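Okay, so here's the structure we're looking at.
The values are calculated or read from the model by the stated rules, or taken from the named source; none is laboratory data. None of these values were measured; they are calculated from a predicted model. Positions of Cβ are generated from backbone atoms using ideal geometry, with glycine treated the same way; all protein chains shown enter the neighbour counts.
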Amino acid sequence: MSSIDQQFVEYIVRSLVSNPDAVEIERTIDEKGVLLELTVDPEDLGRVIGKRGATAQSLRTLLRALGTKNDARYNLKIVDNGVAPAPSTQQTAPMSDDDGDSADNESESDSIVSKTRKELEELDDLDV
């Protein structure tokens, strides 16, 4: 049985994502309040977070309002399951025959992924 807070977040997130069947919300209660852990399809992670975390922050604001009504403190954690989405079918720059370029591209994409994960961790640590 899911509670009203889980149903609330699930309804909003399912409306945002392209794969609503992959939306999962786990609810735990501790001394700090209620923690909702949101897991979505890796392709939808960007939609849930939004530009500079705007969508995630909006979800947290709505949860804060619900918490005021229910006399509870809610925290929303967006879980990054670490699986990178498949490359899109968009046109990419042609690869050169030089092996050094492909190594540079791989290290650049690895640094982007690690930077994005670090930003996600910082967003989850925000006290809302």
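Where residues in segment 112-127 are modelled with pLDDT under 65 and not aliphatic (A, V, I, L, M), which of them is farthest from SER58 (Cα to Cα)? Talk me through it step by step, then tell me what you get.
If we filter segment 112-127 for residues that are modelled with pLDDT under 65, which is where we start, we get 124-127.
So of that shortlist, the ones also not aliphatic (A, V, I, L, M) come out as 124-125, 127.
Numbers: ASP124: 13, ASP125: 16, ASP127: 14 Å.
Looking at residues that are modelled with pLDDT under 65 and not aliphatic (A, V, I, L, M), I get ASP125.
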Mind counting the residues in segment 15-50 that are surrounded by 12 or more Cβ atoms within 10 Å (Cβ to Cβ) and either under 13 Å from the mean Cα position of the chain (by Cα) or acidic (Asp, Glu) (or both)?
22
Cβ-Cβ distance below 8 Å, separation of 6 or more or different chains: which pairs start in segment 56-72 with a residue that is more than 23 Å from GLY46 (Cβ to Cβ) and among the polar types (S, T, N, Q) and end on one that is surrounded by 11 or more Cβ atoms within 10 Å (Cβ to Cβ) and modelled with pLDDT under 90?
ASN70/ASP5
Quick check on my filter: what residues within segment 37-48 are touching a residue at least 40 places away in the same chain (Cβ under 8 Å) and either within 16 Å of ASP71 (Cα to Cα) or out of contact with any Asp or Glu (no Cβ under 9 Å at 6 or more places or on another chain) (or both)?
GLU43
Complete set of residues in segment 58-75 that are assigned to a helix (DSSP H, G or I) and either polar (S, T, N, Q) or loosely packed, with under 14 Cβ neighbours inside 10 Å (or both):
SER58, THR61, ALA65, THR68, LYS69, ASN70
Unmet criterion (only one of (1) more than 23 Å from SER18 (Cβ to Cβ); (2) at pLDDT below 90; (3) not in a helix (DSSP H, G or I)) for LEU35:
(2)
